[in-house]
Each structure stands twice: as C-alpha cells, then as structure tokens.
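These notes concern the structure reproduced below.
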Amino acid sequence: MASWYEKAVFYHIYPLGMLGAPFANTEDAAADRFPELDQWVPHMEALGCTALYIGPLFESSSHGYDTRDYRLVDRRLGTNEGFRHFTELCHKAGIKVVVDGVFNHTGREFFAFQDIQKNREQSRYCGWYKGVNFGWNSPYNDGFGYEAWQGHFELPCLNLQNPEVKQYLFDVIRFWISEFDIDGIRLDCANVMDFGFMQEMRSQTASMEPDFWLMGEVIHGEYGRWVNDGMLHSVTNYELHKSLYSGLNDHNFFEIAHNVRRLEAIGTKLYTFLDNHDENRIASKLNKKAHLPLAWTLLFTLPGIPSIYYGGEWELTGTRTRESDAALRPHITLEEGEAKHCDLTDLITKLARIHTENPEFHGGRYQELLLTNRQYAFARHAQGSICMTAANSDDQESHLSVPVPLHASKAENLMDGSI
C-alpha cells in the first residue's frame with residue numbers, strides 16, 4: 001500500500017508573505033494571524049489537496065530563514081498554540097502538514113552565535129558553526145570570521161558534523177512532532193548539507209514517526225544521491241520545473257520527455273511544481289497564457305508528487321527583482337483569492353481529484369506513447385490498468401493515432417467521466 005506522501009497532492013504556503021506579516025521582526029511586530037490561516041483549510045480541502053508544505057514558520061529576524069528560535073512560532077504569525085490548532089484542523093480535513101527545516105544555517109540572533117560574539121574563544125559554541133576563526137573578521141565587524149550561506153553573512157552555517165549540533169536539531173524535530181504533530185520536513189538548502197547528517201536524520205525520524213517524510217531542496221545534481229532508502233524520501237524536481245515551462249514556450253515536448261526519461265528511476269518520488277516562493281510564477285513565465293491548463297495537466301499526470309503554490313489556482317502572476325522576492329510571496333486574503341476563481345481553478349480541482357483517485361499516479365510506471373515537437377502522449381501504469389495523457393501545444397487542433405499499450409474492455413474519459 002502506498003504511503004500518504006506517494007499519493008499526496010500538496011498545497012504550498014509561504015505564511016509570512018501570504019498573511020501580510022511585516023518583513024522586520026521587531027518587538028511590536030507580534031500578531032495572531034492564525035485565525036486567518038485557519039480559513040484556508042476548507043479551501044485546500046475543496047481544491048483536493050491532501051498535504052500542505054508550509055514555511056518558514058519559526059522565530060526569525062526577517063524572511064524566515066534566519067532563525068532565532070526553532071521552538072517558537074514566529075511572533076509575526078502567532079503562538080505555538082495557534083499553530084497546533086491549525087495542524088489539528090488540517091488533520092481533521094485529511095491534510096498532512098510538512099514544515100520547513102532550516103538546519104543549514106541560523107540567523108545571527110540565534111543563542112549559540114550570540115554566545116560566540118560575547119565570549120569569543122571561551123564560548124562552548126565555537127564548534128557549532130563552520131569556519132569560526134578569530135584571526136579574521138566579518139562584514140559585521142564581529143572580530144572573527146565564519147562560513148556563511150552563499151556569502152550572506154546574516155546566515156552563518158551550522159557545523160552539521162558536530163555531535164552536539166546534530167543532537168540539538170534532532171531534539172528540535174522531536175519537539176515539533178510532539179508539540180505540533182507534524183508529518184514531515186522540507187529541508188532548506190539540502191543540496192549543500194552534510195550527507196552523514198541527513199542519513200542520521202532519516203534514521204532518527206523513522207524511530208520518532210514511522211511514516212515521517214523528508215523532502216530536500218535540491219536544484220542541480222543527480223537527485224538519486226539524495227533520494228534513496230538511506231537518506232531522503234524526495235527532493236524538489238527543478239529539472240522538470242524548467243523543462244515544463246521552456247518546453248511549452250519553445251514548442252519542444254522533446255525537452256520534457258527527455259527529462260522524464262532521465263529521471264525515470266526516481267521520478268515518481270520527486271516533489272514537482274510549476275512555481276514556488278523562489279521562482280517566478282508560471283503565469284508570468286509562460287509566453288502563452290493558453291498553455292497554463294496544459295502545464296497543470298502535465299504536472300498532475302507526469303511522474304512526481306504535485307504541488308500547488310498558493311495563488312497558482314487563480315492564475316496569480318509575479319516576478320522577482322534583483323532586490324526582492326516580495327512579488328512571489330504576496331499578501332492575499334482568501335476572500336480576495338476566491339474572487340479570482342476561474343476556469344483554471346476548476347481544472348486544478350478536477351486534476352487533483354483524478355490524481356488522488358487513480359493509483360496509476362501513485363508511483364505508477366511511465367511509458368511514452370507518442371512524441372513530436374508539439375504533441376506528446378504517455379501512459380501511467382497500475383495493476384491491470386493505465387491512465388493516458390495526450391497533450392497538444394499547437395495553436396491548431398491535431399488528430400493523431402496513439403497506441404494503447406494494454407488490452408482493455410473499457411475506456412473512460414477521466415476529465416468528464418464519460419465511458
């Protein structure tokens with residue numbers, strides 16, 4: 001029987017943006033925004049989502065990835081009790097909850113880093129961070145240097161080979177499971193994290209919660225290095241993301257098909273998406289708005305665990321600038337969103353239902369049936385049945401003969417239920 005995450009349709013929320021929290025976390029920034037967030041649970045359920053990835057959530061200084069305290073929900077969102085209530089609402093609606101695990105680095109206001117600032121060489125936390133060197137200096141004039149994520153010195157990198165750091169973070173996860181009853185973690189910056197740490201995390205979390213899901217943020221590389229029985233269950237499929245929008249923009253289904261074949265061994269396990277909190281919205285990336293339904297149909301029927309980034313169901317647009325990601329993470333109330341309800345909303349709802357109800361999409365084998373620049377057909381296999389998808393990116397109708405790789409007595413159009 002497939003695990004919950006193999007069958008999941010995800011919704012993705014960046015809460016600080018969606019709920020309109022101020023960017024700077026000052027003393028007067030505290031607010032209870034969970035009642036507003038609670039209203040989104042029926043929307044996710046109606047859309048057909050069975051899981052939620054939400055984050056970052058915990059106390060930070062600005063964008064959420066500069067953690068101050070892993071055990072406190074960010075005061076700009078509310079309290080631990082508010083988030084616990086939210087996860088209870090999600091679970092009652094049949095929605096699993098996955099949170100951001102920002103374990104590659106902390107913010108400069110994290111207690112261990114502040115102890116180094118105060119006590120310098122005498123700090124017991126010097127070994128908690130990478131490259132701490134009192135013969136150097138930092139751009140913040142700390143009087144010591146340290147490794148920072150991609151040169152962003154507001155994000156000092158944790159030393160994930162340090163036994164104390166590992167135990168601290170595993171205790172954090174145990175606290176999250178106990179306090180909030182979460183079902184999994186999305187590991188921020190998994191592409192640069194220590195493999196030994198992730199392997200140990202897999203073992204530790206399996207003992208805490210047998211069906212606990214670990215998904216990593218990985219952009220480039222051979223995804224199988226991360227996705228295996230000894231480490232992570234899944235990673236972000238940026239390769240498919242790129243091939244979907246560029247393949248449609250260039251009228252080149254060969255790019256999409258090549259990517260699916262390349263990742264065939266692990267493709268069904270990967271977390272797939274059209275946009276997220278770091279990427280320009282798909283409605284802004286596609287050259288032709290008419291290709292939006294096609295992109296979503298491919299997302300839900302190709303191998304992978306599909307995700308809807310909040311607002312995507314309403315064709316929200318958004319493009320990042322050199323200075324800011326704010327346009328990708330807009331404040332929007334549920335009432336404002338529902339006022340934008342459109343044909344795409346209904347299509348995504350239908351696709352989510354089809355994905356959930358048909359076992360072919362829960363790890364089912366992929367088979368390419370037809371491929372031209374502008375036409376593409378493939379099947380997904382289950383025991384004794386298949387689901388076929390045919391896509392046409394041309395401006396004109398196309399009449400093609402597609403082979404059916406199965407002797408069948410019945411064919412059903414899943415998009416309208418007709419036989």
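Observations
- Selection status of Asn358, open to solvent by less than 40 Å² (accessible area, probe 1.4 Å) and without any contact (Cβ under 8 Å) to a residue 60 or more places away in the chain: yes
- Count of segment 116-147 residues which are aromatic (Phe, Trp, Tyr), open to solvent by 50 Å² or more (accessible area, probe 1.4 Å) and assigned to a helix (DSSP H, G or I): 0
- Residue within segment 56-72 that is farther than 24 Å from Ala148 by Cβ, open to solvent by 10 Å² or more (accessible area, probe 1.4 Å), without any contact (Cβ under 8 Å) to a residue 24 or more places away in the chain and outside any loop (DSSP other than H, G, I, E, B) present: no
- Gly221 meets each of the listed conditions (1) open to solvent by 40 Å² or more (accessible area, probe 1.4 Å); (2) in a loop (DSSP other than H, G, I, E, B) apart from (1).
- The set of residues in segment 207-218 that are closer than 16 Å to Tyr5 by Cα, at pLDDT 95 or above and open to solvent by 50 Å² or more (accessible area, probe 1.4 Å) comprises Glu209, Asp211.
- Test: Tyr168 is farther than 23 Å from His12 by Cβ, of a type in the set (Ser, Thr, Tyr) and either surrounded by 15 or more Cβ atoms within 10 Å (Cβ to Cβ) or under 23 Å from the mean Cα position of the chain (by Cα) (or both): yes
- Among the residues of segment 148-158, not one is outside any strand (DSSP E or B) and surrounded by 15 or more Cβ atoms within 10 Å (Cβ to Cβ).
- Residue ranges of helices (runs of 4 or more DSSP H) in segment 241-321 with at least 3 members touching a Leu at 6+ places or on another chain (Cβ under 7 Å) and more than 30 Å from Leu57 (Cα to Cα): 253-262, 292-301
- Looking only at segment 371-419, residues that are over 19 Å from Pro293 (Cβ atoms), open to solvent by 70 Å² or more (accessible area, probe 1.4 Å) and either in a strand (DSSP E or B) or acidic (Asp, Glu) (or both) come to 1 in all.
- Complete set of residues in segment 90-114 that are under 22 Å from Gly145 (Cα atoms) and of a type in the set (D, E, K, R): Arg108, Glu109
The values are calculated or read from the model by the stated rules, or taken from the named source; none is laboratory data. All figures in this text were calculated on a predicted structure; none of them were measured in a lab. Every residue, glycine among them, receives a Cβ derived from its backbone with ideal geometry; neighbour counts consider all protein chains shown. Surface accessibility is based on the protein's heavy atoms, side chains included, excluding ligands, DNA and RNA. Shrake-Rupley method; radii C 1.70, N 1.55, O 1.52, S 1.80 Å.
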